Structure formats: structure tokens, C-alpha cells
Amino acid sequence: MSIFGKKGRNQFLRNQPNKLQQESEQNSNATTGAGYAGLFSSASTVKPKQEVTSKQRTLPETGARTAMTDRPIANLHSATASTTTTTITKSTSSSLTQSASASTSDAQAASSTHVATSATKSQEADKPVTTKPKQNEQKSGDVSNPPTQAEATNITANSAKIDNAKNTLKQAISTYNEARRTLQTNMFAKRADLQAALTQNKLTLAQTQRDIKAMQKRMAQNDGSELVPVQKTISDLQNQANKIAIQLKSKQGTLDDLNRQRRSLEKQAQMVLEQGKKFKQDEEEIMSAFSGLKDPEKVLAFADAHRKQIDDIKAGEKKLTATQISLKKQLEDNINEINQAKDEIAKINSDQNANGQAITNAQRKLDTMKAKVANDRADDKAQLDKLEHQQADLTDESKRLYDQLHTLSDGITAWLNFSEPVHTLSEADYAPLILDIDSFSAHDSDALAPLSDMLQSMPKKQVGIFTTYFNIDSVPTIDAWSMANNFNPDEVQIINCLYQLQNAGEGTENAATLPANIQNRQWNATHTAETITMPDGQTNMLVTYQLDAQKKPTKLIAKIAYRQGDKVTKESFFRKNGVLSANTFYDAANDITRKEFYRRDGLLVVSATYQGQKLRDISVFNETGLQINSFDSLTALNVWWLQKSFPQEGAMIGNFKSKAYRDLTAKSDVKLVPFVDEAVVDTDDFTRWMAERKQQAFITNNVNTQSALAQKAKLPLYVNVLNQAPLPVQLSMPVDY
């Protein structure tokens, strides 16, 4: 019985989670090859679904030491076993409507619709109508008689009614789902519009409040303080005018004194001039009398008689001349002082005029500023009144919008049973979607099969498979799992470090051949394997050959086990085309010391060293044979590989229960779409995890889980449901909002 059948899968998952390991160990002790007679021998006989058109692969033998894995392989192979197909409804959005309606139908059962009536009738019609047998027609323990013609007619009629009811319910479900989908879209769209309007209203209200505070501050600052400098200027100018007036009055007094002094000096000068004229006249009279004397004696007598008078006249004239000079000098000084006083008075008059003009200009400016202050105060008051009215209107509008939004939100929660929109998850959201098969254990087979079907319903280039499987048989094992679950490895993206590295490079057709200096060779009974002895007599090789589609041996080598005496020193594994794929080396205690993995073109890409059966180091090489990285654990290798090769826009689907899945995606910064069920959603751990993330995308097992998710969501939810549940028996209309 193949484990890829439904019963075989379930039996394998329940009772033999490590079947591959057991079979591989058994095969490793066999002296003859069986052409991959272990777990995956049955994979080659599984017929893929019709949509998988690629040619089936003939799986090479994994070899004797495939059980020496570097991670638990039960998950991969239990995942391989869980290929039970589950039909997924194309319109996954119906799960959204069914979830909400299922959780609210009991509370609103009073107002049933026509759909509910049809559903109820279909349930009643589902009961078969039987005719009560007569006592003599059937005895205890006897086989029932065939139905009569009337009974057959009733059965046929009831079957037709059931079919009609199913068709009616199917059409009603479709109509209901579409209407509910539209209702959800419109309700959340209206809520978004209300929320946007409320947010904008709050922003406008906040700005209005800021404007009011600014206006009040402006009005407080508009207290006429800007008039003070001008008023002080006018006051200073007025004080200056007073000082100028005092200076002018003082200078004018000085000028008056100088004018009086001038007039006094001019009068003295006139008196001196008159006295000088009298001296001149007296002198002329003496000279005239003297000139008429001819007698010398008379002349001498006249001279003696008038000598004193003449001397007085001469002295008087001399003194008068000095006085004239002094008066002239005083008068000149006085005139200079008068002119200087006049200049100063002229300057003071000019300053007084300028000061007067400055006072006039300052007064005009003050008057203008006073008028502006008054106008600004009036405008600010009008603007403040307008802003305060706007604030009142916005406050009322905010309350109205909030009440309407609150009512609508209550209506959404009451009828849809969740407060955030729930959408279906599609490849448009994440491309590609990668399935982490390691995260699903044997107990999760019921989820893995419909998940596989869901992914297969999407375009092949937009889905993928991820596994951390790391072993000699990684390529055939992963290919076998893919084909067994109807994933064509050539059409889906397989993300596995070892798988991708070994499938790199251009393939070579140079199949491995045996050495020519063989001393002895001995075939097994079926000619599928031979034991070869080399010339030294100590070295022998157990060579296992590949089988064709008819289970007949070919010339292509599947595996070679090298022995020194009774100790296995090395095992080589080959691809389907006979090219070397991997080597395993052993020490004297038969423990693995190293594994080597090769590309399609025969170049070494990965080398793993072991110590005491435990992985110690992994080295990765490029196409030129240079080591480009090394790791001390498989986890470090897988984190590096995910960061290097995982699609940037893609997401990893995995079981939330798997901590390794969550840790690996977190360390590699890969987006994840967890699969969750009721047991997970109800845990505090999941609630905290969901609250910490902006991403709200999930795969659920049924609509009840979806409903529980929707009730926890604080952001729009994207979710696909694997198991669609029927509509509730009765439907109720949502209340008005």
C-alpha cells in the first residue's frame, strides 16, 4: 500500500513518522541495491493531477546512508504523506461572509429571510420519506424487501426536492455572499470616508484653535505700544523747541545789549568828533590871528600869550585821537559781536523751524498710527469673532461625525462581528507565496493538503516550496515530495540552499565509469548491484545501478560504497544521468566525518564536516571553487540563504505553531503568512504576536478561526480559509445605522 494514497498517508503519519530513516538504514545494510526501494520508491508510481503535464521523474536510489540527516526529516516526509486533496472554493471571499454571519445568526434569528426559509425547507426535505412496513412483510433479522413502486416514486420525488432545494440554496448563497461582500465594502468605505472627514475636521478645528490663540495674542500685543516711540519723539522735539526758544530769547537779549552798546559808542564817537572839530576851529583861529602878525615881538608875545592854549589844544587833539581810536576799536568789536549774535539767532531760527517741521511730521505719523491701530483692532475683533463661530461650527460637526462614525462602527461590529475589513489573500498581495513544509508536523496533515491545493490553484510561477532539508538525497527527496503533492519542480520555485546549489551550473552528460584495472567483480542475483575488488585485494566497491521504468538495471551508477576490509570509508551518490552528486566519508568507527555536494556540472559547492556525528562546519564554494562563506550551524546557513535568495516581495506560509518557522523568518527578515487554527488564535502568545505586527495576513483552517482572527484585528485583515463552512440556518438583516 503506497503512503501517497489517503489511507496509506494517514497510517504512515500516525504510526511511522520516521519510516524513511528506518528504511534507509535497512537499505544501508543490504548487500545488493534495490533502486531506491525505500519510502520514495512509491512516489514514482503516483499519478499526478491532470494539470501537471510534465513527465514523471524516475527517482534514483538515495543510498545506504541517507538516514544520516542533519535535521529531523520526519516533517518533510510526513508533509509528503499529507497530500489529501481538498476542494477549495474559488471565491475565497465567501469565507469572510460565512464567518461573520455564523457568529451573529443566533442573536438575530428573529428576522429570517427567504434564504433561511429555503435552507430550513431543504433540511426538512433532506429526511428520506419511508413507508411503514406491514407486520407480515418483515421479520426480525430478515433482509428488507425491495421498495415498492410507490416508495420508489416518493424517494425520486424527495430526491428531486432535495436537488431543487440545494440549487435554490446554492443560488441564494451566491447572492448572499455577493450582497454581503458589497455591504462590507460599502460599510467600510463609508466608515473610511467618515473617519477621513472626522480627521480633517479635527485638523481644521485644531488649526482654528491655533488661529484663535494667535489672534488673541495679536490683539493683546496691539495695545498701542508702537505709538510710544513716536509720542516720545514728539515730546523730545517739543522739549528741544522749548530749549531753542530759550536760546533764541537769550541771544536776542544779547543782541539788544550789543545794539545799545553800539549806539552808546557811536554817540561817544560823535561827541569826540565834535570836540575835535572845536579844537580844530580854535587852532585855526589862533593860526589865523598869528598869521596876521608881522612884528616879531608881537609874534613872540602872541605866541607866549597863546602857548598854553596851543599846548592844551595839541594835548586835547592827541587825547581825542586816542579816544577816537579806542572808540573805533570798541565799535568794530561791537559790530562783530552783533553780527555773530545775528548769525547765531539765524541758526537758532533755522533749528527752530526744523524742529517745528519735525514736530509736525511726528504728529502726522502719530495720527496715522493711531488710525491704523484702531482699524487693526476692529479687523482683529471681527476675525476673532469669525474664528470663534467657526470653532463652534467645527465642534458641532466633529460631534456629528463622531456620533455617525460610532453608530456605523457599532453596526459593523454588531452585524459583521468584526471591526476591521476582512479581505481574501491573493498573489497580488505577495508574489510568490512560499510554503514552508518543515513547519507542518504529522499532526498537521489535514492542513497541509488543502494548503497545497490552494497554492496549486494559483499560477505556477507565483508559488514555491521551502525546506531546510540537508542531506545526501536532498534533490531526489525534495523532487519526490513535490511530485507526490502535484508540485512540478520545474514550474514552482523550490527554496533550499543545498537543492538550489546542487541544481546550479550547466548539466554534463559525462556519466561516471568504473576503473579499468578491476581484479574481480561479482553480481547479485538481479544484476542491480555488483561487488568489485581492486588489484590490492583490500579495496572493494559495492556498486548499485539505477533502474529504468520497468525496474530493470541500467548502466548508470546510482551509488558506490567503498570499503577497506570490512570498513566503509566512502560513499558516492550519483544523479539520474550518472553524474556525481555527493560523497560521504567515514572514519574507522564508521562515523561520518565529511560530506561533499556537487553541482550539475561536477563542481564542489558545499562541504560539511562532522565530529562525533554532530555537524561542525559548513563551507560554501562559488563556481570557481573558492570558498565564499562558512557556517557553524544549519540555522545560520538557512538564514543566509533566505536573505540571499528569498523573493523580496514574497511571503512564507508556515504553521504558526512552529517556533522554528517564526524564528527563521524573523532572523532572515522574511515576510510571513502564518497558518493558524482555533487552538492558536485563543492563546495569549498569538494575541501578543498579532498586536506587535502591522502585517495582518493569515491562512485559517475554517471560518470560526477566521471570525476569531477578525475580532482580534486592529488593522485590515487578509485571510484565506481552507475549509469553507455553510451559511447559518437563519439570516437576519443588519440594523439601520
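The values are calculated or read from the model by the stated rules, or taken from the named source; none is laboratory data. Keep in mind that what you see is a predicted model, and the values were worked out from it rather than measured. Positions of Cβ are backbone-derived with ideal geometry, glycine not excepted, and every protein chain shown enters the neighbour counts. Just the protein is used for accessible areas: all its heavy atoms, side chains included, with ligands, DNA and RNA removed. Shrake-Rupley method; radii C 1.70, N 1.55, O 1.52, S 1.80 Å.
Odds and ends about this structure:
- Amide H contacts under 5 Å for Leu435, placed H, 5+ residues apart: Gly464, Ile465, Phe466, Ile653
- Prolate/oblate/rounded call for the stretch 582-634, Cα gyration tensor, a/c under 1.5 rounded: oblate
- A Förster distance of 56 Å, applied to the separation of the beta-carbon atoms of Glu226 and Lys667, puts the FRET efficiency at 0.25.
- Solvent-accessible surface ranking, highest first, for Glu596, Glu388 at 1.4 angstrom: Glu388, Glu596
- Share of carbon and sulfur in the accessible area of the stretch 239-278 stands at 51%, probe radius 1.4 Å.
- A simple spin-label model places the labels of Asn349 and Asn259 1.2 nm from each other, with each point 7 Å out along Cα-to-Cβ.
- Alpha-carbon centroids, the stretch 484-536 and the stretch 585-619: separation in whole Å: 17 Å
- Sorting His406, His306, His443 by solvent-accessible area of protein heavy atoms yields His443, His406, His306, largest first, with a 1.4 Å probe.
- Rounded to the nearest 20 debye, dipole of the stretch 500-582 from Cβ charges on Lys, Arg, Asp, Glu: 200 debye
- ³J(HN,Hα), Karplus 6.51/-1.76/1.60, whole Hz, each residue of the stretch 220-225, x for Gly, Pro: 5, 6, 7, 9, x, 5
- Whole-angstrom gap from the stretch 284-324 to the stretch 241-278, using each part's C-alpha centre: 39 Å
- Hypothetical label at Gln363: residues of the stretch 216-233 whose amide nitrogen lies under 16 Å (7 Å Cα-Cβ projection): 230-233
- Carbon plus sulfur fraction of accessible area for the stretch 454-498, probe 1.4 Å, in percent: 50 percent
- Vicinal HN-Hα couplings computed from phi for the stretch 393-403 (Karplus, 6.51 cos²θ - 1.76 cosθ + 1.60; Hz; Gly/Pro x): 5, 5, 5, 5, 5, 4, 5, 5, 5, 5, 4
- Distant-in-sequence amide H partners of Trp523 (H built 1.01 Å from N, under 5 Å): Thr531
- Virtual paramagnetic centre 7 Å along Cα→Cβ of Glu397, amide N under 16 Å, in the stretch 159-193: 193
- Less than 5 angstrom separates the built amide H of Val579 from those of Ala512, all sequence-distant by 5 or more or on a different chain.
- Förster-model FRET efficiency, 41 Å R0, Gln613 and Ser645, C-beta, rounded to 0.05: 0.90
- Sequentially through the stretch 514-522, phi angles give Karplus couplings (6.51, -1.76, 1.60; θ = phi - 60°) of 7, x, 7, 8, 7, 7, 8, 9, 9 Hz, Gly and Pro residues having no value and appearing as x.
- Full extension of the chain between Lys249 and Thr683 yields a length gain of 145.8 nm, computed as 0.36 nm times the residue separation minus the alpha carbon distance.
- Flagged links, alpha-carbon separation over 22 Å, of Lys232/Lys370; Lys595/Lys657; Lys190/Lys399; Lys251/Lys347: Lys595/Lys657
- Alpha-carbon centroid distance for the pair the stretch 207-227 / the stretch 664-703, whole angstrom: 54 Å
- Shape of the stretch 450-593, Cα gyration tensor, a/c cut at 1.5: prolate
- Accessible area, probe 1.4 Å, largest first, for residues Glu332, Glu344, Glu649, Glu571: Glu649, Glu332, Glu344, Glu571
- Taking label points 7 Å from Cα along the Cα-to-Cβ direction, Lys166 and Leu203 give a separation of 5.5 nm.
- Label-to-label distance, nm, for residues given as His389 and Ala179 (7 Å Cα→Cβ offset): 4.8 nm
- Per the Kirkwood formula applied to alpha carbons, the stretch 614-711 shows a radius of gyration over Rh ratio, Rg over Rh, of 1.11.
- The stretch 490-589: trypsin sites (Lys or Arg not before Pro) in DSSP coil with no more than 15 other Cβ atoms inside 10 Å: Lys551
- Computed over protein heavy atoms with a 1.4 Å probe, the accessible surface of the stretch 586-700 works out to 48 Å² per residue.
- Probe 1.4 Å - accessible area at Ser441, Å² to nearest ten: 40 Å²
- With q set to 0.13, 0.20, 0.23 Å⁻¹, the log10 of I(q)/I(0) for the stretch 325-435, from the Debye formula over equal scatterers at the Cα positions, is -0.88, -1.09, -1.16.
- Charged neighbours of Ser288, selected by a Cβ distance under 13 Å, balance to -3 (K, R count +1; D, E count -1).
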